[in-house]
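In what follows, a single structure is set out as structure tokens and then discussed.
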Amino acid sequence: MDEPRLKLAIQKSGRLTDPSLDLLTRCGLKISRGKDQLMAFGENMPLDVLFVRDDDIPDLVQEDVCDLGLVGLNVLEEKRHELAARGHPVRFEALRTLDFGRCRLSLAVPEGQPFDGRRSLEGKRIATTYPYLLEHYLRERSIAADIVTLSGAVEIAPRLGRADLICDLVSTGSTLQANHLREVETVLESHAVLIRTPVTLPPLKNEWVERLLMRIEGVQQVRESKYIMLHAPRSALEEIRRLLPGSESPTIIPLEGFPDRVAVHAVCRENVFWETLERLKQAGASALLVLPVEKMLS
Ligand code: PRT
Ligand code: ZN
């Protein structure tokens, strides 16, 4: 019998496409993908990738057309609140926070317009493409405002007189700036997430979900991690340990012919900056070497 294959939905073409494919490649997946193809076959894992619009991903997973999906928390939460508002059950499950697709859903007012929290929202028209998330946010704070639902170009709504303020995604803030808008409050901090179907999977498929999760964890840890090697006088060991960023138990190795000096090897789970190296040197370290980490499994 053929091995059952997992189906994973990712964005076909957009901001999440490249980082999603990059994550899957780092997890060891090799896929063949023809241009404009809807589905790619995993050559070395029982996992196929479906390319769709990001807005369709929660539904595909919820309805068990796909087992897994990579999608922005903003899209996921909008769907969650929409389902709740319609009285439908929410059946997808968020498995992991991913380290890409970072942005925030924020309220922004025209430049020069004062903002005083809820008082400045009461009775106002707010343009957004996230009506359910915004509705939930306003309801939680008992604010009565009009939600103007748009399908795009939210940032020009105030200038066109269609709204008093907006609620939209922001990453660098340059779109807001170009449209003379000022970010005043965050509604949701967002990033990509891995979601799964609520349906119980056959053991073989489940095993691959677990393996994928473990590899994702490894990939994310490695992105920040560095391997650091240095020589140090034994007397400075305590201070050097303190200076090594995010490392638990460094390996201490004696140096042949130098009874007072040792080599220290450590995995640092944070980036190692020049300032740290300078401080280590001041503490007595020499022969400092920082290497990228390729794979990690703990
Ligand atoms: O066609 P499809 O429906 O699949 O794509 P889409 O157009 O809906 O989505 P896309 O590709 O624009 O974004 C996909 C996901 O990326 C979003 O759902 C977010 O989770 C995430 N993301 C991260 C962003 C941004 N950063 C972002 N800056 N999505 C959109 N933006 C837009 C924002 O709407 C605004 O217009 O970029 C502009 C603001 O950017 P700054 O840098 O000027 O602040
Ligand atoms: Zn979309």
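The values are calculated or read from the model by the stated rules, or taken from the named source; none is laboratory data. Quick caveat, the model's predicted, so the values are computed rather than measured. Note that each Cβ is placed from the backbone with ideal geometry, even for glycine, and that neighbours are counted across all protein chains shown. In case anyone asks, the SASA skips ligands and DNA or RNA and just uses the protein heavy atoms, side chains included. Shrake-Rupley method; radii C 1.70, N 1.55, O 1.52, S 1.80 Å.
Below are the figures for this structure:
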quantity	calculated
Largest-first ellipsoid semi-axes for the stretch 226-292, taking √(5λ) over the Cα gyration tensor eigenvalues, angstrom	18, 12, 10
Solvent accessible area, Å² - D116, 1.4 Å probe, full protein context	80 Å²
Residue-level accessible surface for S247, protein heavy atoms, 1.4 Å, Å²	20 Å²
Residue of I143, I216, I253 that the Gaussian network model of the chain assigns the largest fluctuation, springs spanning Cα pairs under 10 Å	I253
Dipole magnitude of the chain about its Cα centre (Cβ charges: Lys, Arg +1; Asp, Glu -1), debye to nearest 20	260 debye
Distance between the stretch 13-80 and the stretch 201-252 - C-alpha centres, whole angstrom	28 Å
Spacing of the two label points (7 Å from each Cα toward its C-beta) at A85 and D260, in nm	7.2 nm
Over 23 Å between alpha carbons, listed pairs K205/K226; K7/K295; K30/K295	K205/K226; K7/K295
Gaussian network model of the chain, springs between alpha carbon atoms under 10 Å - residue of L243, L107, L181 with greatest fluctuation	L243
Max mean-square fluctuation residue, GNM over the chain, Cα-Cα springs under 10 Å, options C27, C268, C167	C268
Estimated translational D of the chain in µm²/s (Stokes, Kirkwood radius over Cα pairs; 37 °C; 0.692 mPa s)	145 µm²/s
For F258, solvent-accessible area (1.4 Å; no DNA, RNA or ligand), Å²	120 Å²
Solvent-accessible ranking of Y130, Y227, largest area first, probe 1.4 Å	Y227, Y130
Accessible surface ranking that places the most exposed of K7, K295 first, with a 1.4 angstrom probe	K295, K7
Fully extended contour minus Cα-Cα distance, from R5 to L297, at 0.36 nm per residue	102.7 nm
Bins of 5 Å, starting at 0 and running to the largest distance - Cα pair percent for the stretch 71-158	3, 12, 20, 22, 19, 13, 8, 3, 1
Crossing angle, helix 203-224 versus the chain [Cα axis fit, 0-90 degrees, rounded to tens]	70 degrees
